[in-house]
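Heads up, the thing below is written out as structure tokens.
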Ligand code: SF4
Ligand code: NI
């Protein structure tokens, strides 16, 4: 792992400034860059205000409310929370195996969420940076700029997202904050007309997803930045099917090290806390999960699209699998460590999800009416899905009166916490010129964080584009430079 | 059959009534909705929520208990009364802890449906965030006092229909709460059962059967299908037809 991250000879002598538990502007990303005596970046710290009221909020509630309550955690990925909590609650009602229809409807819902989320991220958030360059004018680096320069691309991006939202709506009744998952199954059959409507559109969606992958690949391969920008070895973790194929909805946990060697595999996800633990650091509320066998220092890992393509043996659909092979070939057949490869990986997953949707829609089970099952009651439940941003754990304990007594969540953004710090450090070390922060550096830091598609909303319960504040702190602990980028993209010195 | 000669004036309509009928019942029978929460026309009225207040010859009365009198002038759908109903409903929201999106009763809840129909955009008043207890001790029934609007329906129904007296109200003002008649004060030690009418007729998500989950999808829930006013009038007329038809 990176020798520079939190491993300065004596981190305490790095005399950091004490950071207030962040300016209470929720969703405000704050970065502190700590310099050593030679003025080199020794540490980077991304501070996110984590939403911590959640446990309180859920404690004392009956378990059957939980899959719906947790959707309120986040306006961006409610479906992922709905599904992960639903799986945990399935265990509570003893639904070991769902009916084929219920399981396939959930998989369809999940694939719809992947398409909408990945399309949103790539076309709205990432493509302006990638198309126009990280240093291009601010006014251009947004979706409006993309629409101006690449109207066809922008149009397809919008329609891809819309298709994903439609899948979600058909199954949950609403585009956002619908309800579909109930303990042990689903609450609604899919109508034939909804199935047919989705089926009619899917060919085009797969076609556009292929084009998007081609763009993602071209942008990655043609950019000089790709091979230099926040490229660092790390461990990776994700859910795979027991046969090693990618599976975003269910399966076993697998982790690989930077060389591609298995750290653990075939891990029953309900036993996750034997393999993963969370470290608490004094300067942030965000926890730092690590792989137990590697320890706190070495055990951090990445999750999400890049990690999933690094850990899975193959993707179970032909078009996406061909793209995965090209992706891995670009890394010489080994592990891909470039942070910017997240974007390319995300688009391959979007294609994969689109192919899955087609397959599920053609499956007669999808129109079945047998929706709910149950079995022997249990008092502890763990649910996991590979959310668009990465592995998402929901873990609940309930008492004999059906009320939740303990809740634990690990969201993707938390898994990637250390990796995001490392990305920022790596970018800052490379692009910091002297002792002054520049708008260019700020942009680079932002691009590095954004590659992970962090759900600051999940982690902080706030919506909107991420305002970013960066501080440069010298070895003496003084802030020597500060810049703030507002949610409108305007950059100031943060003094008003 | 109503005596067609006996009528009173409700807003701009002539409403017929039977001797002894309340203003509320006569209005509903005539297809005119009067908002109400503590009243359920299937059970005896109580006149505590004051939502059904109307102005009779210049003075306010709870229409659910006020007998109709021939020739009287009754106002219900006026801006002042609409404002008052909105205010009363908003007070109910802030006095409890109502989290509609996470509530199983969402879409079937009369408080929520009333708020929608009265056009209430937000709670308006400062939340009280009272500390209230959930009683989940019974294997099949849950009492979530956070959502109780103290309409007293469970108290009345348990007494007069179930003949059990499981529920009572104690305390005053903001401290008023529903209590359970059992040695421990818990549902599990009471005589309540899952088929009690008291349990099945709570207008909100306070007293419910357990494990109801969100099994009714969007679009099929009670108040997705019809407005509260429409649903309420239709039920009333159907019951009337059964009783008197
Ligand atoms: S529990 Fe329900 S029925 Fe009983 S008083 Fe409260 S709101 Fe009314
Ligand atoms: Ni989120």
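For residue A:184, are the conditions met, namely being assigned by TED's automatic domain parsing to the domain that holds residue A:124 and touching a strand residue (DSSP E or B) at 6+ places or on another chain (Cβ under 7 Å)?
yes
With the requirement that a residue be modelled with pLDDT of 95 or more and in a loop (DSSP other than H, G, I, E, B), what does the stretch A:250-297 give you?
A:250, A:251, A:257, A:258, A:259, A:260, A:261, A:275
May I ask you to list the residues in the stretch B:161-193 that are in a helix (DSSP H, G or I) and exposed (fewer than 14 other Cβ atoms within 10 Å of the Cβ)?
B:173, B:174, B:175, listed by residue number.
Can you report the number of residues in the stretch B:115-152 which are in a helix (DSSP H, G or I) and either touching a helix residue (DSSP H, G or I) at 6+ places or on another chain (Cβ under 6 Å) or modelled with pLDDT of 95 or more (or both)?
Result for the stretch B:115-152: 2.
Given the condition in a helix (DSSP H, G or I) and over 22 Å from the mean Cα position of the chain (by Cα), answer yes or no: does some residue in the stretch A:109-127 qualify?
no
Listed here are the residues, each with its yes/no results for (1) out of contact with any helix residue (DSSP H, G or I) (no Cβ under 8 Å at 6 or more places or on another chain); (2) in the same structural domain as residue B:163 (by TED's automatic domain parsing).
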{"position": "B:185", "(1), (2)": "yes, yes"}
{"position": "B:206", "(1), (2)": "no, yes"}
{"position": "B:210", "(1), (2)": "no, yes"}
{"position": "B:235", "(1), (2)": "yes, no"}
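Being in contact with a helix residue (DSSP H, G or I) (Cβ under 9 Å, 6 or more places away or on another chain) and over 30 Å from residue A:444 (Cα atoms) is the requirement here; does residue A:361 meet it?
It is true that residue A:361 is in contact with a helix residue (DSSP H, G or I) (Cβ under 9 Å, 6 or more places away or on another chain) and over 30 Å from residue A:444 (Cα atoms).
Only one of (1) under 29 Å from residue A:401 (Cα atoms); (2) out of contact with any helix residue (DSSP H, G or I) (no Cβ under 6 Å at 6 or more places or on another chain); (3) surrounded by fewer than 19 Cβ atoms within 10 Å (Cβ to Cβ) fails for residue B:243. Which number is that?
The failed condition is (1).
In the stretch B:130-140, what count of residues is obtained for those that are out of contact with any strand residue (DSSP E or B) (no Cβ under 7 Å at 6 or more places or on another chain) and within 12 Å of another protein chain (Cβ to nearest Cβ)?
Matching residues across the stretch B:130-140 total 5.
Quick check on my filter: what residues within the stretch A:179-237 are away from chain B (no Cβ under 14 Å) and not in a helix (DSSP H, G or I)?
Answer for the stretch A:179-237, where residues must be away from chain B (no Cβ under 14 Å) and not in a helix (DSSP H, G or I): A:223, A:228, A:229, A:230, A:231, A:232, A:233, A:234, A:235, A:236, A:237.
Does residue B:241 satisfy being at pLDDT below 90 and under 25 Å from residue A:173 (Cβ atoms)?
When the stated conditions are applied, residue B:241 does not pass them.
Among the residues that make up the stretch B:141-156, is at least one of them within 14 Å of chain A (Cβ to nearest Cβ), surrounded by fewer than 14 Cβ atoms within 10 Å (Cβ to Cβ) and either touching a residue at least 60 places away in the same chain (Cβ under 8 Å) or more than 10 Å from ligand 1 (Cβ to nearest atom) (or both)?
No, every residue in the stretch B:141-156 fails to be within 14 Å of chain A (Cβ to nearest Cβ), surrounded by fewer than 14 Cβ atoms within 10 Å (Cβ to Cβ) and either touching a residue at least 60 places away in the same chain (Cβ under 8 Å) or more than 10 Å from ligand 1 (Cβ to nearest atom) (or both).
All but one of (1) within 16 Å of ligand 1 (Cβ to nearest atom); (2) under 19 Å from residue B:147 (Cα atoms) hold for residue B:86; state the number of the condition that does not hold.
Of everything listed in (1) within 16 Å of ligand 1 (Cβ to nearest atom); (2) under 19 Å from residue B:147 (Cα atoms), residue B:86 misses just condition (1).
For the stretch B:45-83, give me each residue that is outside any loop (DSSP other than H, G, I, E, B) and touching a strand residue (DSSP E or B) at 6+ places or on another chain (Cβ under 7 Å).
Residues satisfying the conditions are B:53, B:54, B:55, B:56, B:60, B:61, B:62, B:67, B:73, B:74, B:75, B:81.
Restricting to the stretch B:40-75, give me the number of residues that are crowded, with 22+ Cβ neighbours inside 10 Å, under 18 Å from residue B:118 (Cα atoms) and in contact (Cβ under 8 Å) with a residue 60 or more places away in the chain.
2
Would you tally the residues in the stretch B:194-221 being within 15 Å of the chain's Cα centre (by Cα) and either away from chain A (no Cβ under 11 Å) or assigned to a helix (DSSP H, G or I) (or both)?
Total meeting the criteria: 10.
Kindly indicate whether residue A:162 is away from every other protein chain (no Cβ under 14 Å) and either at pLDDT 85 or above or within 17 Å of residue A:353 (Cβ to Cβ) (or both).
So residue A:162 fits the description; yes.
Do we find that residue A:174 is within 14 Å of another protein chain (Cβ to nearest Cβ), in a loop (DSSP other than H, G, I, E, B), modelled with pLDDT of 75 or more and crowded, with 19+ Cβ neighbours inside 10 Å in this structure?
No: the conditions fail for residue A:174.
Please enumerate the residues belonging to the stretch A:251-294 that are surrounded by fewer than 20 Cβ atoms within 10 Å (Cβ to Cβ) and under 26 Å from residue A:356 (Cα atoms).
A:252, A:265, A:266, A:267, A:268, A:269, A:270
The values are calculated or read from the model by the stated rules, or taken from the named source; none is laboratory data. As the structure is a computational prediction, the values presented were derived from the model and not from experiment. Neighbour counts are summed over all protein chains in view; Cβ atoms, including those assigned to glycine, are modelled from backbone coordinates with ideal geometry.
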